[in-house]
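K.L.:
Have a look at this one before I ask anything.
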Amino acid sequence: MSDNNPKLSAEFYLGVALFLVYVALALTAPLLVSERRWTTEWLVITELCLLVLLLLGLVFLKVLHAVLLWIASTKAIRYLRAHLQQKHSLGAAANAGQLSLDAKEQCRALREALRAHWGWRWRFRQPWLLLTCNDTAIARLLPGLVTSGWLLTDDGVLLWSGASQSGQPDVAWLKQLYKLRRHRPVDAVIAVTDGEAYLPSQRHGTHPYGMSLARVVKALRWSAPVYMLDVAATNAAGSSNSPVVACELSNHADATAIEVALRSLGGQLAQRGMAQLAHGDRNSYLAKLSQQLDTRSKALIDWSAGLTARQRWAIPIRGIAFAPYPSGTSTQPEMLDSANLPHWRYLSEAARRQPGKRIGWHPMTVCAGFALAAVGLWFAGMLASSWFNSRDVHAAQQAVTEIRSAPDAAARLHALLALQQQIERYEYRTQQHAPLLTRFGLNRDADVLAALWQPYAKASREMLVTPVQQNLEATLVDLGQLQTSTLDDKTSRWALGGRDDLKAYLMLAHPERTEPDFLARRLTQDWSTEARITQGEKQDLAERLFKFYAEHLKANPDWKIEPRPELVAGARQTLLAVIGARSAQETLYRGILNGAGNKYPDLTLPSLTAGTDTRGLLRSTAAVPGVYTRQAYEGYVADAIDAAATRRDVAADWVLTGSQVAAVTATKSADELRAALTEQYFAEYAAHWQDFMNSLQWESAATLPAAIDQLKLLADARQSPAIALMKSLAYQGGAGVQKTSLSDALVSKAKDILGKKDDAPDSAKAAPTGPLDAAFGPVLRLAGHPGQAVQGGNNDLSLQRYLDRITALRLHLQQVSTGADADDRARQMAQAMFRGTSSDLADTQAYAQLVAASLGAEWAGMGEALFVRPVAQATQTIVLPAQASLNDVWQRFIVAEWNRIFAGRYPFANTTNDASLPELAQFLRPQGGTIQTFLATQLAGVLELQGDQWMPAAGARGITFDPEFLKTINILQRIGAHMLVQGDPQYRFELKPIATPGLTDTKLTIDGQKLHYYNQRETWIRMTWPASNLQDPGTLLQWQTEKAGTNKNYEYGGRFALLRMIGHGHIVPIDSATVQITWPAVPDTRGPLEESTDVQSGKAPYEIRFLMRSEAGQGVLELLPLRGLKLPQRVFLVGKGGAAVDLPSPAARNAKRGGV
């Protein structure tokens, strides 16, 4: 036989056959699908099933191979025994040459011998049988094998590893053998035992034979079938003629199975031995072997069963054979060596029928396992992918079907939204990533998405674009027919609003110009539908549908509409006429600003105060855009304005002029355009700088030392951030100033010399003017910029003078802070300021307010932060102790005296005891009154009387008055000013009755002054309070109805009887000087027959009404706030609450009112 490895051949051809069957069925499946009209999904599933069956067949190919191997083993061709002596001599010579070689050299010699004998595929031409266990028996059986370690026979390759020093097989030799034949190191392991020696039991797995077999398995990583060869008595007939005596065992045979097999073999041997003897055959080998088996079977059974059960790796004993030793007395060469025993042929054939297997983690096993797991996962993923993709495709088909079969407009809109959602879903999956379970080679998201765009384009054109197009064209028709000769503001605004409609219309016609956000908003507003849906649902659908449409319009230019050129031309003509040249100038101006880009960085507070530290002094989070700086103007903007004015053209708005470039109409010359652009730029320039400077904030200082440190840094000529900021501001304010060139200066000087004119001093010459003089003028004058000081209205106001005053104030405060009597001196300074007397604190504060006011309303925030706030904060740290002292004076001299005189008296308390009017006048008198004297002497510097209202003075920065104090003194001031206008406390007023149905007579008595009304003509009656004659003070109201007699009520006595009576009436203002007072006509006593009030309504049946007017103010009504009035206990709010409140400066108040 030329090839003894049918396994690989069978696997190869069987695999080819399975593949051809799969190809045939795979090619036939599409024809079957087309005949039965199956869907594409079913075709994919069919192909997947065929592929799975092919792979399963390849996986179970070993089972088919085993069947094929069993069939081939029955038809194996035996090698001829020709040339046996030649081969035996060749093997003996080769073995003799390897006596001294080590394991590596032995394996190399074996390889060379096999390659020379067999050629290609020498590894698998013959089975490899490894002999082990009893080395003595092996040496006696095969002397040549022991010499070289390998022996070539006609039936196989016999191998022997020899024993190491430990008595076990040589592991190094076994590893070399493994490297020589990795796929299947050996086909069988022959456990050779001496039949004449004692065979120990393997019950505990400690015998060297079991350990030797385990070491072989471990070293070779291969579990080959193990056959036991028990060598015993010599066969007189010769080794080559010895019959094969053996029994095969099943896999994992136990002791019982082995015993049954040996007994059966023993019986057969006994029969054949008796038969030989009966025929006169003198060879008693079989009979002796049968006899030996009877005595040795027990040991063989225990040894074999223990070997199978007690090892770490399974060592299956697949058979037991018996062979004789070679005859040592024979003269024939073949009788001296057992290489030609038929047993090797039997064992080789048995090894082919029982292949071994790998053990442990062999790389091929691991790779095969991973490959099989990957294939299984891939197939599972393909099945899941086919199901998920089929479901998704079905959902997409359903969305397309619904939009085609929708019964009405509302259903079509919802179907369009569902189709849009499907597109969004597939679009996301194609742009980002598809779900894992939809991949595995079956994903068709891109194809499905391309298929969904077609029905969407058609449906969106019908339901979305067409209604919008009709509405836009109707608007453009009206816009084109508009008469532009006479336009009012309303019509102009409507026309300008039509530009957005024109822009949306042109975007639909030119998708490359689409602005998604703008287009979606306009289409939502201009869309109309016939669907019967609510307004809210319509708005929601429009926003969702048009947002998606606008976002994808640019990528789908085939969605464009065909515009009507006449409508576009008419609308453009109207818009151009309405917008005019101003729009062109604005476009040009914005183009100049956009051209600056990011060339110039924004300026912040740290960059404007470079070289100084603003921490603890100033803070601001605002910034000035870089394009509005002097560097930007001189480096770019000025040249850009000149270039634009020279060209006199503008990049036209594509909405108004299409793709052409329109020139500005010649309504302005180049100089006029340059001036207009420059004026617009510097207007925004000044506005940005004013906003930045007004955003400055002064850091707070809670203590006097902290305030002193702030003032010191503020006035420091080298380290002051305020000085650096003012210098930077003055520099930025000089942008655009026309400077005199050197040549012009020389020519002017020569003219003056030749003309012999007396030059004015240099300081009197007019400084160059700039476009920012009006806006930055106050700042430049304050900073002492050349040419600005003379133009100012007050030369005394300057930054340097302010800093000098700050320095003087700081030194004064420092002396106060470090002195021994610091608290007393601070209190004296504060009291001097309260009284309005001259002091450094008050003078500096007044000067700071003047400086801030000189800046004007445009720079009010800057003046407040840079000039007023530092002094006010320092003032606050001084006046806090003095405020507590003044509060104590107010309590001891004013509040205590007031409570002593008026406590428990009306109107300050609800009692029958009236307060004394002279005593009240003594407190309220405008000139010399107790309260007025206190205010004039103690608070003249911080309170000022404006009309009849006391208001905090402009110098009261850092001082917080108690609101109740201001409210109370203003009430008393107003009463005193009106009640004591003639010296004595008295009010003059007039009363006029009003007729009431059902009342026939009314009498009102006030301090003896009577008003009698009996429904005659109404007239004004003059009265005074209190009356000149106070012998019978009091009030009384009497009335008479048509059905009853005289009744009376509101009878009060005392000086404040009128106030008590008015307090029970209902007062309604008529105008600034007249009020209506209503008293319910309720008698003070009631009888059973008298009229009563309406119990259910709670109102009196009659109301007595009078009109009252006064000569000044509200007259007697001004006394009503005195009811329950109590003087506040303090003048100032001292503590955390007071320290946190601040009052705006006059400049800040003017800025809020819009004044200058």
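The values are calculated or read from the model by the stated rules, or taken from the named source; none is laboratory data. All values reported here derive from a predicted model rather than from experimental measurement. Every residue, glycine among them, receives a Cβ derived from its backbone with ideal geometry; neighbour counts consider all protein chains shown.
K.L.:
Tell me which residues, restricted to region 727-743, are crowded, with 19+ Cβ neighbours inside 10 Å and closer than 16 Å to Pro606 by Cβ.
P.N.:
Selection gives Leu729, Gln732.
K.L.:
If you take the residues in region 256-280 that are assigned to a helix (DSSP H, G or I) and modelled with pLDDT under 85, which one is nearest to Lys298 (Cα to Cα)? Steps first, please.
P.N.:
Taking region 256-280 and keeping what is assigned to a helix (DSSP H, G or I), we get 256-278.
Restricting the remaining residues to those that are modelled with pLDDT under 85 gives 273-278.
On the way: Gly273: 21, Met274: 23, Ala275: 26, Gln276: 26, Leu277: 27, Ala278: 29 Å.
Top of the filtered list is Gly273.
K.L.:
Now a separate question. Suppose we filter Asn340, Asn283 for residues that are touching an Asp or Glu at 6+ places or on another chain (Cβ under 7 Å) and either of a type outside the set (D, E, K, R) or modelled with pLDDT of 85 or more (or both); which single one remains?
P.N.:
Result of the check over Asn340, Asn283: Asn340.
K.L.:
Another one. Considering region 529-559 alone, what residues qualify as being outside any helix (DSSP H, G or I) and either in contact with a strand residue (DSSP E or B) (Cβ under 9 Å, 6 or more places away or on another chain) or of a type in the set (A, V, I, L, M, F, W, C) (or both)?
P.N.:
Scanning region 529-559 gives Ala531, Ile533, Ala555.
K.L.:
I need the full set of residues from region 128-142 which are farther than 20 Å from Leu114 by Cα and in contact with an Asp or Glu (Cβ under 9 Å, 6 or more places away or on another chain), in order please.
P.N.:
Step one: filter region 128-142 for residues farther than 20 Å from Leu114 by Cα, giving 132-141.
Answer for region 128-142, where residues must be farther than 20 Å from Leu114 by Cα and in contact with an Asp or Glu (Cβ under 9 Å, 6 or more places away or on another chain): Asn134, Thr136, Ala137, Arg140, Leu141.
K.L.:
Name the residue that is surrounded by the most Cβ atoms within 10 Å (Cβ to Cβ), counting only residues in region 997-1022 that are of a type outside the set (Lys, Arg) and out of contact with any strand residue (DSSP E or B) (no Cβ under 6 Å at 6 or more places or on another chain). Let's see the steps before the verdict.
P.N.:
So the first thing to find is which residues in region 997-1022 are of a type outside the set (Lys, Arg), and the list is 997-1002, 1004-1009, 1011-1016, 1018-1021.
Keeping just the survivors that are out of contact with any strand residue (DSSP E or B) (no Cβ under 6 Å at 6 or more places or on another chain) gives 997, 1007-1008, 1015-1016, 1019.
Details: Pro997: 7, Asp1007: 20, Gly1008: 13, Asn1015: 13, Gln1016: 9, Thr1019: 11.
My answer is Asp1007.
K.L.:
While we're on this one: Quick test of your reading of the structure: Asp1032 fulfils all but one of (1) at pLDDT 85 or above; (2) loosely packed, with under 11 Cβ neighbours inside 10 Å; (3) closer than 27 Å to Asp984 by Cα. Name the failing condition by number.
P.N.:
In the conditions (1) at pLDDT 85 or above; (2) loosely packed, with under 11 Cβ neighbours inside 10 Å; (3) closer than 27 Å to Asp984 by Cα, Asp1032 misses (1) alone.
K.L.:
Among all residue pairs at least 6 apart or on different chains, which show Cβ distances below 9 Å where the first residue, located in region 601-622, is touching a residue at least 40 places away in the same chain (Cβ under 8 Å) and under 16 Å from Arg718 (Cα atoms) and the second is surrounded by 13 or more Cβ atoms within 10 Å (Cβ to Cβ) and of a type in the set (Phe, Trp, Tyr)?
P.N.:
Leu608/Phe692; Leu617/Trp698
K.L.:
A follow-up question, please. Suppose the filter is at pLDDT 90 or above and either assigned by TED's automatic domain parsing to the domain that holds Pro993 or basic (Lys, Arg) (or both); does Arg1086 pass it? Even if it seems obvious, please write down each step before you answer.
P.N.:
Values: at pLDDT 90 or above: no; either assigned by TED's automatic domain parsing to the domain that holds Pro993 or basic (Lys, Arg) (or both): yes.
In short, no.
K.L.:
So which residues in region 1012-1027 are under 19 Å from Leu1059 (Cβ atoms) and either touching a helix residue (DSSP H, G or I) at 6+ places or on another chain (Cβ under 8 Å) or in contact (Cβ under 8 Å) with a residue 60 or more places away in the chain (or both)?
P.N.:
Matches in region 1012-1027: Trp1025, Pro1026.
K.L.:
Quick test of your reading of the structure: Ala783 fulfils all but one of (1) more than 24 Å from Ala882 (Cβ to Cβ); (2) out of contact with any helix residue (DSSP H, G or I) (no Cβ under 7 Å at 6 or more places or on another chain); (3) modelled with pLDDT under 85. Name the failing condition by number.
P.N.:
(2)
K.L.:
Further question: If the requirement is being surrounded by fewer than 22 Cβ atoms within 10 Å (Cβ to Cβ), at pLDDT 85 or above and under 22 Å from Gly156 (Cβ atoms), which of these qualifies: Ala224, Ala219, Ala191?
P.N.:
Details: Ala224 fails: surrounded by fewer than 22 Cβ atoms within 10 Å (Cβ to Cβ); Ala191 fails: surrounded by fewer than 22 Cβ atoms within 10 Å (Cβ to Cβ).
On inspection, the qualifying residue turns out to be Ala219.
K.L.:
OK, next. Give, as residue ranges, the strands (runs of 3 or more DSSP E) completely inside region 979-1052 that count at least 3 residues that are charged (D, E, K, R).
P.N.:
On the way: elements: 987-994, 999-1006, 1009-1013, 1021-1025, 1034-1041.
Answer list for region 979-1052: 987-994.
K.L.:
Okay, moving on. Are any of the residues in region 527-548 closer than 17 Å to Trp654 by Cβ, out of contact with any Phe, Trp or Tyr (no Cβ under 8 Å at 6 or more places or on another chain) and surrounded by 15 or more Cβ atoms within 10 Å (Cβ to Cβ)?
P.N.:
No, region 527-548 contains no residue that is closer than 17 Å to Trp654 by Cβ, out of contact with any Phe, Trp or Tyr (no Cβ under 8 Å at 6 or more places or on another chain) and surrounded by 15 or more Cβ atoms within 10 Å (Cβ to Cβ).
K.L.:
Also: Would you tally the residues in region 673-715 being polar (S, T, N, Q) and either buried (at least 20 other Cβ atoms within 10 Å of the Cβ) or assigned to a helix (DSSP H, G or I) (or both)?
P.N.:
Qualifying residue count for the region: 5.
K.L.:
Within region 577-595, identify whether any single residue is more than 28 Å from Leu496 (Cα to Cα), modelled with pLDDT under 90 and not in a loop (DSSP other than H, G, I, E, B), and answer yes or no.
P.N.:
First pass over region 577-595, keeping only residues more than 28 Å from Leu496 (Cα to Cα): none.
No, region 577-595 contains no residue that is more than 28 Å from Leu496 (Cα to Cα), modelled with pLDDT under 90 and not in a loop (DSSP other than H, G, I, E, B).
K.L.:
While we're looking at this one, here's another question. Checking the condition at pLDDT below 90 and over 24 Å from Trp303 (Cβ atoms), which residue from Ala116, Ala163 passes? Full working, then the answer.
P.N.:
Numbers: Ala163 fails: over 24 Å from Trp303 (Cβ atoms).
On inspection, the qualifying residue turns out to be Ala116.
K.L.:
With the condition kept exactly as written, say whether any residue in region 1048-1069 is surrounded by fewer than 14 Cβ atoms within 10 Å (Cβ to Cβ), modelled with pLDDT under 90 and not basic (Lys, Arg).
P.N.:
No, every residue in region 1048-1069 fails to be surrounded by fewer than 14 Cβ atoms within 10 Å (Cβ to Cβ), modelled with pLDDT under 90 and not basic (Lys, Arg).
K.L.:
Then there's this: With the checklist (1) under 29 Å from Ala921 (Cα atoms); (2) out of contact with any Gly (no Cβ under 7 Å at 6 or more places or on another chain); (3) modelled with pLDDT under 85 in hand, flag the one item Ala977 doesn't pass.
P.N.:
Every condition holds for Ala977 apart from (3).
K.L.:
Just to check your reading of the model, which residue among Ala504, Ala451 is within 37 Å of the chain's Cα centre (by Cα) and more than 30 Å from Glu47 (Cα to Cα)?
P.N.:
Just one listed residue meets the conditions, Ala504.
K.L.:
Test of understanding: among Arg892, Arg869, which residue is without any contact (Cβ under 8 Å) to a residue 40 or more places away in the chain and either out of contact with any Leu (no Cβ under 7 Å at 6 or more places or on another chain) or surrounded by 20 or more Cβ atoms within 10 Å (Cβ to Cβ) (or both)? Steps first, answer last, please.
P.N.:
Numbers: Arg869 fails: without any contact (Cβ under 8 Å) to a residue 40 or more places away in the chain.
Selected residue: Arg892, the only one of Arg892, Arg869 that is without any contact (Cβ under 8 Å) to a residue 40 or more places away in the chain and either out of contact with any Leu (no Cβ under 7 Å at 6 or more places or on another chain) or surrounded by 20 or more Cβ atoms within 10 Å (Cβ to Cβ) (or both).
K.L.:
Moving on to the next point. Quick one: count up the residues across region 428-453 that are part of a helix (DSSP H, G or I), of a type in the set (S, T, N, Q) and more than 23 Å from Thr401 (Cβ to Cβ). First the steps, then the outcome.
P.N.:
Keep residues of region 428-453 that are part of a helix (DSSP H, G or I), which gives 428-431, 436-438, 445-453.
With of a type in the set (S, T, N, Q) added as a condition, the list becomes 430-431, 438.
Add one more test, that the residue is more than 23 Å from Thr401 (Cβ to Cβ), and what stays is 431.
Total satisfying the criteria: 1.
K.L.:
Do we find that Ala415 is surrounded by 14 or more Cβ atoms within 10 Å (Cβ to Cβ), of a type in the set (A, V, I, L, M, F, W, C), in the same structural domain as Asn556 (by TED's automatic domain parsing) and modelled with pLDDT of 90 or more in this structure?
P.N.:
Values: surrounded by 14 or more Cβ atoms within 10 Å (Cβ to Cβ): yes; of a type in the set (A, V, I, L, M, F, W, C): yes; in the same structural domain as Asn556 (by TED's automatic domain parsing): yes; modelled with pLDDT of 90 or more: yes.
Taking the combined requirement at face value, the residue satisfies it.
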